[in-house]
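Presented below is the structure to which this report refers.
The values are calculated or read from the model by the stated rules, or taken from the named source; none is laboratory data. Everything numeric here is computed off the predicted structure, so don't read it as measured data. Every residue, glycine among them, receives a Cβ derived from its backbone with ideal geometry; neighbour counts consider all protein chains shown. Note: accessible area is taken over every heavy atom of the protein model, side chains too, but ligands, DNA and RNA are not part of it. Shrake-Rupley method; radii C 1.70, N 1.55, O 1.52, S 1.80 Å.
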Amino acid sequence: MILIDGKKISLELQSEIAQEVKDLISKGKKQPHLAAILVGDDPASQTYVSSKVKACENVGFKSTLVQFEANVSEHQLLSKIEELNNNDDIDGYIVQLPLPRHISEQKIIEGIKPSKDVDGFHPINVGRLVLNLPTYVSATPFGIVTLLERYNIPTEGKHCVVIGRSNIVGSPMSILMAKNTNLANCTVTLCHSKTKDLKEHTLQADIIIAAIGRPNFVTADMVKEGAVVIDVGINRVDDDTKKSGFKLVGDVQFEEVSKKAGYITPVPGGVGPMTIASLLKNTLIAAKKEF
Ligand code: NAP
């Protein structure tokens, strides 16, 4: 079994991005600038956003954090979005999800100018992905494809089973893996909570991508010998031995599945760091106005 080290690859990507930033600046171009909007005080969202801001510092980007109380109105948020859309110094920005229930996530996402939507969530960018046009690929699927590429894991003609069909992970992931590109070209099965006999599907998979949000859901009896197992899940489970009172586990039962898998990503240290690196990559693309 080969452990896929997302932290290491993420650091490699960050140092490549940092070099590109230096090159841009030496040519007299401006420093890339990423903004993030954070609403409320959800601890997980705060952690994610502060990691993203810190990663900006690592690669030499400028970053701006815009924070709102949980009771901010949809109208106020849309006004801020309009402001960011019109601020030429900001190359790209994200709105950290989830948002409080009184705010329509869809309305907010549709308010983001597609050329600044570095999370790749806007319907125009999702449509461009489907049509194989240059776009911002949402950060988690982009990070996973990059991991497969950097580990030289063959994908062409392989059977990839994606578990989970969310707009931010499972659905774009399945589209990406089915594409006629040298990073994909898989036959894809997309499974979800209504899939009958999930195990029957996963046992046929050369590549399993688990994005479910349930701790230790994928067990060894669901995995074919030698399969590539990508664990997207980030789940908090109680752990009295930790100061925080919890630990993070994935959607895959790592101990037992790692004995059967050919390749596997750990949690933490697998897909998570790649999501951040891919967001930086998208911001660089935005700053360079590549499309
Ligand atoms: P989500 O929106 O809750 O979607 C979960 C998906 O799992 C849904 O499509 C659901 O099916 C499916 N599902 C639930 N129970 C199932 C079952 N018993 N069998 C088969 N499918 C089942 O979650 P998400 O936003 O995609 O996130 C998934 C996980 O990834 C979470 O742990 C999240 O924290 C993590 N995540 C990690 C990163 C990262 O950077 N590593 C980034 C984003 C998310 P239905 O559609 O039928 O309900």
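Would you say V229 is at pLDDT 95 or above, closer than 19 Å to Y151 by Cα and part of a loop (DSSP other than H, G, I, E, B)?
Details: at pLDDT 95 or above: yes; closer than 19 Å to Y151 by Cα: yes; part of a loop (DSSP other than H, G, I, E, B): no.
It is false that V229 is at pLDDT 95 or above, closer than 19 Å to Y151 by Cα and part of a loop (DSSP other than H, G, I, E, B).
Condition first: of a type in the set (A, V, I, L, M) and either in contact with a Leu (Cβ under 7 Å, 6 or more places away or on another chain) or in a helix (DSSP H, G or I) (or both). Now tell me which residues in region 28-52 satisfy that. Let's see the steps before the verdict.
Within region 28-52, the subset of a type in the set (A, V, I, L, M) is 34-39, 44, 49.
Within region 28-52, A35, A36, L38, V39, A44, V49 qualify.
With respect to D206, is the statement that it is open to solvent by 30 Å² or more (accessible area, probe 1.4 Å), away from the ligand (no atom under 14 Å from the Cβ), of a type outside the set (K, R) and without any contact (Cβ under 8 Å) to a residue 12 or more places away in the chain true?
Values: open to solvent by 30 Å² or more (accessible area, probe 1.4 Å): yes; away from the ligand (no atom under 14 Å from the Cβ): yes; of a type outside the set (K, R): yes; without any contact (Cβ under 8 Å) to a residue 12 or more places away in the chain: no.
The answer is no for D206.
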Residues that are farther than 19 Å from S63 by Cα, within 14 Å of the chain's Cα centre (by Cα) and more than 10 Å from the ligand (Cβ to nearest atom), drawn from region 250-282
G269
Working carefully through the options S63, S115, S138, find the one that is within 22 Å of A277 (Cα to Cα), in contact with a Gly (Cβ under 7 Å, 6 or more places away or on another chain) and polar (S, T, N, Q).
S138
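Restricting attention to region 130-141, which residues are outside any loop (DSSP other than H, G, I, E, B) and either of a type in the set (D, E, K, R) or more than 16 Å from the ligand (Cβ to nearest atom) (or both)?
The answer is V130, and nothing else.
Quick grid of which residues meet (1) small (G, A, S); (2) open to solvent by 20 Å² or more (accessible area, probe 1.4 Å):
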| site | (1), (2) |
| --- | --- |
| P134 | no, yes |
| A139 | yes, no |
| L148 | no, no |
| G157 | yes, yes |
| C160 | no, no |
| R165 | no, yes |
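Residue by residue through region 142-188, note down the ones that are within 16 Å of the ligand (Cβ to nearest atom), out of contact with any Ser or Thr (no Cβ under 8 Å at 6 or more places or on another chain) and either free of Cβ contacts under 8 Å to residues at least 24 places away in the same chain or not hydroxyl-bearing (S, T, Y) (or both). It would help to see each step written out before you state the result.
Taking region 142-188 and keeping what is within 16 Å of the ligand (Cβ to nearest atom), we get 142-148, 160-177, 188.
Cutting the leftovers down to out of contact with any Ser or Thr (no Cβ under 8 Å at 6 or more places or on another chain) gives us 144-145, 164, 166-167, 170-171, 174-176.
Within region 142-188, I144, V145, G164, N167, G170, S171, S174, I175, L176 qualify.
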Hey, I25 in a helix (DSSP H, G or I), at pLDDT 95 or above and farther than 20 Å from Y93 by Cα or not:
yes
